[in-house]
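Worksheet: the structure to be examined is printed underneath.
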Amino acid sequence: MTHHIQRPVALITGASRKIGIGAAIAQKLAKAGWDIAFTHWKAYDQSMEWGSKPSDIDSIVSTIETAGGRALPIEADLSDTNVPARVFDHVAQKMQTPTALIINHCHSIDSDILGTSIESFDKHFAVNTRAAWLLIREFARRFNSQPGTGRIVSITSDHTAFNMPYGASKGATDRIVLAAAWEFRDKGITANVINPGATDTGWMTDELTTMVKNRTLAGRVGMPSDCANLAAFICSPEGAWINAQLLYSNGGLAI
């Protein structure tokens, strides 16, 4: 008789583009033995010139399944404060309570200090910071796996000038994630932040690509798989000793 071995579940937010970091993490974790639930938000993608294509969600599902995992796509407007709990309810109903939370989603509209509107500032913090807090809160409240197996990983950015509300909201999120490492240590949940540097997910101009190559020790831009490799290691049993860290995995990029 063949016994089905239950795979742990990772919830990844903001995995809507097949060439994005979220999709790369999903594929890597699926290969490592995880089932994957992931959120996406069509309205935001449609507003971006480098947003996802209609076929991308199906492609990500296929990639996860080909790697051996189950896939659960969830369309979710994370600016709604009720949505994080609903997402966790849906994942628990369709799969099981997640053991790993990968915070990869973002709202990013370039603007400087003088040009940022109050509405834009608030939207960035609602999606990037408040939603991250609510997701982390739900994850910790519901976590029921073996102590030492819980993982929170957040993908951040070092943007500041001319992308102020995005950079500021990401910086605030970093602090929440690092606080989680301390506050949830008794649950055996680790919490870390990855800064992947400039990563080629389709948004970089030729000029920016050349600049990044010239300023990176490896002489190339980052790829989604670079960030995914580190995220998957952190989520593995071997990564359990990494905790409360903001990790620069950027090839030695010097800005």
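What the table shows:
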item: In region 1-84, the GluC sites (Glu not before Pro) that fall in loop regions by DSSP, at most 16 other Cβ within 10 Å; result: E49
item: Most mobile of D186, D174, D200 in a GNM of the chain (Cα contacts under 10 Å); result: D186
item: Those chymotrypsin sites (Phe, Trp or Tyr not before Pro) in region 32-104 that DSSP places in a loop and that have at most 15 other beta carbons within 10 Å; result: W50
item: Only Lys, Arg (+1) and Asp, Glu (-1) charged, at Cβ; the chain dipole about Cα centre in debye; result: 740
item: Computed helical MRE - 222 nm, the chain, DSSP H runs ≥ 4 contributing -39500 (n - 2.57), nearest 500; result: -12000 deg cm²/dmol
item: Relative contact order [Cα under 8 Å, 6+ residues apart], region 9-248, whole percent; result: 20
item: Under-26-angstrom lysine pairs by C-alpha in the chain, whenever the two are 8 or more apart or on separate chains; result: 27
item: Most mobile of G33, G219, G69 in a GNM of the chain (Cα contacts under 10 Å); result: G219
item: Of T216, T149, T99, the one that fluctuates the most in a GNM where the chain has Cα springs shorter than 10 Å; result: T216
item: Euclidean distance of C-alpha centroids, region 137-182 and region 186-255, integer Å; result: 15
item: Surface/4 of the Cα convex hull for region 9-248, nm²; result: 12.5
item: Normalised contact order of region 85-145, rounded percent, pairs of Cα under 8 Å and 6 or more residues apart; result: 49
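Computed from the coordinates by the stated procedures, all read-outs in this text should not be read as laboratory data. None of these values were measured; they are calculated from a predicted model. Positions of Cβ are generated from backbone atoms using ideal geometry, with glycine treated the same way; all protein chains shown enter the neighbour counts.
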